[in-house]
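This report concerns only the one structure given below.
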Amino acid sequence: MSNRRAGYGSSFFIRISSTKSDKQGRLLPVMRHIASLLVLLLLLSVLNACSYLPNQRSIHHTDLQAALTFSSTNIMIDNGNDFVWKGVTLRLNNEYDLTIELMPRGITSVSLADFHNVQGQPFNPQSMTPHQLNIQAQAGFENKPGSFNW
């Protein structure tokens, strides 16, 4: 009889442990699936939240659309926007500046000799080459400041 109890007891424990592992075996893939879904939902909510955040630069800044053409003495600046640029500062080669009150839509020709550095010396197109131009407008679209870099 003691052999029978031992046998019964061991089969009982085996049955319990196999039932427990069956539950764990079925539960583990479900938990992984739920965890994957939660991670995916979290990622989607973060991406969704970021897509609705306005770009702070675009709220307070306008990207100016410009096309440049250079001659030996002039720069032709084509204002490609559908608005006038106001309070325009042109900076040539990061050293020579020129301020223009208004730059209308279309092409404006600017003499290279009109650019001056802080010492008051003009840009010399015979001995110097334009290689960089920054355009800053105090008021562009909806009176927001704007810029263009070449």
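First obtain the Kirkwood hydrodynamic radius of segment 77-150 from its Cα pairs, then insert it into the Stokes-Einstein equation at 37 °C and 0.692 mPa s, and state the resulting D in µm² per second as a whole number.
Value of D from the Cα-based Kirkwood radius: 259 µm²/s.
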note = For residue 147, placing the label point 7 angstrom along Cα-to-beta-carbon and taking segment 71-110, residues whose amide nitrogen sits under 14 Å are 89-92, 94
inquiry  = Test of understanding: what is the full-extension gain from residue 124 to residue 28, defined as 0.36 nm times their sequence separation minus their Cα-Cα distance?
reply    = 26.9 nm
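Every number here is computed from the coordinates shown, using simple stated rules; none is lab data. As the structure is a computational prediction, the values presented were derived from the model and not from experiment. Here the Cβ is made from the backbone with ideal geometry for all residues, glycine too, and neighbour counts use every protein chain on show.
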